[in-house]
Every structure is written in C-alpha cells, then in structure tokens.
Amino acid sequence: METKINPYKDSLLVRRLRRNPRVSVLDLDNTCTGSETSQIQMHEVAHGNGAVVYNTARETGMVMSSEALEASRKYGYARAAPHLEIDPETGRFVYAKPERVRRFAGHLDPSAIVGFGGSLLLRQPDRGYAYDGEFSELLGGLDFRKHVRRRFEEIDFNGDLLGALSKLEDDTAFNEGRTDVQPLDWRFQFNPEDEQHKTDLKLRIASHFLEMGERALIDFRDESKPGKPCFYVVPSLGTKEASADHLLRRALAEARVQPEDVSLTIADDALTGLYMLRDVLPEASAIFVLPGGAPIARHLMASSSLYGTSFAGEDVSWLLERLTPAAATPGKYEFKMPGDQPNRTFYIADEAVEGRESVDSLLALQARGAIYSV
Ligand SMILES: [Mg+2]
C-alpha cells in the first residue's frame, strides 16, 4: 500500500542541507564512471563534502541498492527492478542486485535521484525513496507517455518517425529480455540516421505539438555524439536543469536555507547537462566541471580546430560568449551569469588535468582542491 507523505520533510537531502548547505549534482555515465577504485573514491569525496544528488539518464532503479528499491515500494515506486546481467545461455537480460554489479560501485543510494525521464526521488529515513509526486504531476503524470506516443503516431508515415525511436522505447522489449529497463515514464529517445534526419524529426514533432496547442508540454534535449545523432523528447520541466532546480529549491525551502548560502558542485559531460551550469539554483555559488574526454570539450577549447563550431549540429555560443579564462590556471574559466547572479567557475578538465578521463579527471581536480574546498 502506498504511504502518502511530504517526501522532503524527513528526507536525507533536507537533513544534510540543514547541517551543511553544500551539495553535489553529478551525472554518472562518462562523468563518475571509471575503475571501481576511482568510483568508490569519488563517492567518498562527494559524500564527505555534503549532500549528493545523481542527475542521470539511467533508470532510477539502477541508482538504488536492492534493499532501497524494496523499501521504496511502500511509497508507490512501482517500476520493475532493472535487469543488469545477461544470461549466457539465453542471451537475455536477467535480474541482478545492483550492489553485486561491479560497474555500479560507488553509484548507489545518493541523498536524492534526479532521473532524466524518471522524475525526482528522495531518500527517506528507512532507506527507501519517495517520489516528489507533485513534480511528477507537473511532468504530465503517468499519462505523459501514452499521450505523447499518440501524438507521434499521428505524424508517423509507414514507420518513418516511430522507426527512429530507440529500442528502449519498445514496451515489449523489457519483458522479453531484450533490454535491461522498462521504457521511462517521462522521456522518449530518438536515434536518427544523421543530422539532417534529426533536424527533420525535431521540426515535425515541434510543429505538430504547436498545431495541437501543446508545444509547451514538451522540450527537446540533444545527446548526440559526433556521428551518433540522438535526442530526447521530455516534458518541459523534465530537463536535467529544470528538474534539479526544482528539487534543490523545494529541499532548501523545507530546510529553511537560503539558495544564496549554498555551495553547489555540478559535473556533467554532455549537452543535456551543460545547461545546469546556468540554470540550476542561479543564486548559489557554483563550480561546474566538464569531465575529461567529453566530446564537446574540443568545441570549447581555444587550442582546438573545432573551437566555436557547433557540436553535432548544436550551437554552443550561448556558453562560449559567457566564458572568460582565469589567468594562470589552464582549463579554469569564469562563467558570467545573467543579471546580478554570482558568476560561476567552469572547468574544462581536458585542459586543466590533461589526459585524465571521467571520474579520474574529477579526482585529479579534487587533488588540487579545485572542486571541494576543505
Ligand atoms: Mg554522461
């Protein structure tokens, strides 16, 4: 039976913020990933600093230990546990406890989870996670998926639009063991053939929603890598930046802490996360790290031949025109915030700690005291 509560009131996030207004909002894939040792080390560093929020496109159940997932059932968490291993006999995905899967070491049970496509989940005193149900309603509730899918069908001609959906969006694939997770409630992933196809699909979807008077319902986020176009259709508030901003604002109000008093550390390697630099809790002082090995970095580094060019078809000038290099520290920049919000520090790890990738670049920066001050 579902227990209805104010998910913020006794949450670990609020309790930690009350004690110490420092919080990390971290992406996982290609940001906190690396060797098992490095992942665990990063876990200790981040949790030692303050509250930790993972803001990830991973299925929310992939960020919970099996015990936490079971404890979440009473709060209405109804999603199937992810199937993390492949049965060698059948080649199908089967259940495994995340805490026994080495690649998840150091990535489980944060203070809160921002699921990109999965709403907001807050850790409770009994270790379970409770949804911010009001936020899920703002995302369109559990009807979002059905409704948006119907709109896609209306503009699909012989599968030319639906055929570009990722296989993760196939409702039967999970049950048949062909994918590791159920389709997410608030996100559709498209894998177009090329950039032209990507632009066409986005335009077609946007125009149809506009015509239906529903353009405000959805937003697009690009997760393309060179040669691998990819974009998401999400609820307008379901972007990484809008979700994280909502979570922190709501948690700070509950903790009676002013956003101006918060120290925020954000790390993300992709375009879907870069907007967090500007749009998450703009009143707070913040450091953003673009981890080593992020393909977008070369579009932001003056020494690169790709400097200033669009990244997989996406314009990066909104970011570049606000960056000023910090004298004498390679890879460190000041990001000019809009209005009179405090400017933020931006690190491009490929310049600051050259040769280090993902989690190892974060650890190398931390060894210099660049991410968390003691
Ligand atoms: Mg990532």
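Only the coordinates and a few stated rules stand behind these numbers; no lab work does. Keep in mind that what you see is a predicted model, and the values were worked out from it rather than measured. Cβ sites come from the backbone with ideal geometry, for glycine too, and all protein chains shown count toward neighbours.
Some values worked out for this structure:
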item: Loop-resident sites, segment 80-118, for GluC sites (Glu not before Pro), counting at most 12 other Cβ within 10 Å (DSSP); result: Glu89
item: Difference of contour (0.36 nm per residue) and Cα-Cα distance, Tyr307 to Val94; result: 72.3 nm
item: The chain - share of DSSP beta bridges that are antiparallel (%, nearest 5); result: 55
item: Two-site label geometry, Arg368 and Arg127: point separation in nm, points 7 Å out along Cα→Cβ; result: 3.9
item: Partner lysines for Lys332 [C-alpha distance under 30 Å; skip if fewer than 8 residues away on the same chain]; result: Lys225, Lys228, Lys240
item: Cleavage-rule hits (GluC sites (Glu not before Pro)) in segment 294-374: DSSP loop, at most 14 neighbouring Cβ within 10 angstrom; result: Glu321, Glu354
item: Inter-centroid distance (Cα atoms) of segment 190-256 relative to segment 39-55, Å; result: 27
item: Under the Karplus curve 6.51 cos²θ - 1.76 cosθ + 1.60, θ = phi - 60°, whole-Hz ³J(HN,Hα) for segment 198-203, x wherever Gly or Pro sits; result: 4, 4, 4, 5, 4, 4
item: Sparse-neighbourhood loop sites, trypsin sites (Lys or Arg not before Pro) in segment 167-232 - DSSP loop, at most 12 other Cβ within 10 angstrom; result: none
item: Members of Lys74/Lys97; Lys146/Lys202; Lys167/Lys202; Lys146/Lys167 lying beyond 22 Å, as alpha-carbon distances in this model show; result: none
